[in-house]
1. So what's the angle, to the nearest 10 degrees on a 0 to 90 scale, between helix 82-99 and the longest Cα principal axis of the chain?
2. In nm, give the distance between the simple-model label positions of residue 213 and residue 97, each being 7 Å from the Cα along the Cα-to-Cβ direction.
3. What percent does the relative contact order of segment 112-253 come to when contacts are Cα pairs within less than 8 Å and at least six residues apart?
4. Which shape class, rounded, prolate or oblate, goes with segment 110-242 when its Cα gyration tensor gives a ≥ b ≥ c as root eigenvalues, a/c under 1.5 marks rounded, and past that a/b bigger than b/c marks prolate?
5. Starting from 0.36 nm per residue, how many nanometres of slack lie between residue 140 and residue 57 once their C-alpha separation is accounted for?
6. Multiply the residue separation of residue 132 and residue 197 by 0.36 nm, subtract the distance between their alpha-carbon atoms, and state the gained length in nm to one decimal.
7. What is the helix-to-structure angle for 2-49, meaning the angle in degrees between its Cα long axis and the longest Cα principal axis of the chain, kept from 0 to 90 and rounded to the nearest 10?
8. Could you tell me how many degrees, from 0 to 90 and to the nearest 10, lie between the Cα long axis of helix 178-196 and the main elongation axis, the longest principal axis, of the Cα atoms of the chain?
């Protein structure tokens, strides 16, 4: 009788632990996607204000405003962490300040663009710290998908950032051969993901094809700028990676 009672108690505890573990993974996913949307917002803000685009496309502002709205929702889903909320509010306020300038003034007011990128860097570092806290027990597959998505976002934002000689890089540590090093990690992780998801070879073939198409532009970033095309292809990849990550969360429930 006593052994049956112990077995029953163990089963109850396991059933109680599972939802908490799933809730932790959900929160981890929310924080990751908050970072993803932050990179989307920063990417399209830079595209909207770079000097290589002679005509300002309304779609750029729509894209970063959609990302900002998603970030707000993801913050709520992640429990509204106070510091991260404050950093997000600062990021949004600076973007609104830039939008409030006259067209010509905003187009050339790089000091405000620089402040926005500084705010993004602070916000992303806070989100990264929270992600690190939550990720200690996360499965390898999920972490690999997240990291591939993140570094794809980062190489894209670095590409956009390089169109502004007077705007610093604040979301990663600056150094030599940044594009080459990021590219090397992305390519190596693509091989790792194929090993982790052998049944998804078709999906990863498509991701590799899209990355390979824009890869020469990333490595030869100082000439023949294609900011919108780069965003189109690389953000398709990050959307797929984040979708695969969400499927992993659902599968763990």
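Every number in this text was worked out from the coordinates using simple rules, so none of it is lab data. Just so you know, these numbers come straight off a predicted model, no measurement behind them. FYI the Cβ positions are ideal-geometry reconstructions off the backbone, even for glycines, and counts take in every protein chain you see.
1. Between the helix axis and the principal axis of the chain, the angle is about 20 degrees.
2. Between residue 213 and residue 97, the simple spin-label model gives 3.8 nm.
3. Numbers: 99 pairs, mean separation 50.4, N = 142.
Over segment 112-253, the number comes to 35 percent.
4. In terms of gyration-tensor shape, oblate.
5. Working: separation 83, 0.36 × 83 = 29.88 nm, distance 3.98 nm.
Full-extension gain reported as 25.9 nm.
6. Values: separation 65, 0.36 × 65 = 23.40 nm, distance 2.35 nm.
Residue separation times 0.36 nm, minus the Cα-Cα distance, leaves 21.0 nm.
7. Its long axis makes an angle of about 0 degrees.
8. Value to nearest ten degrees: 30.
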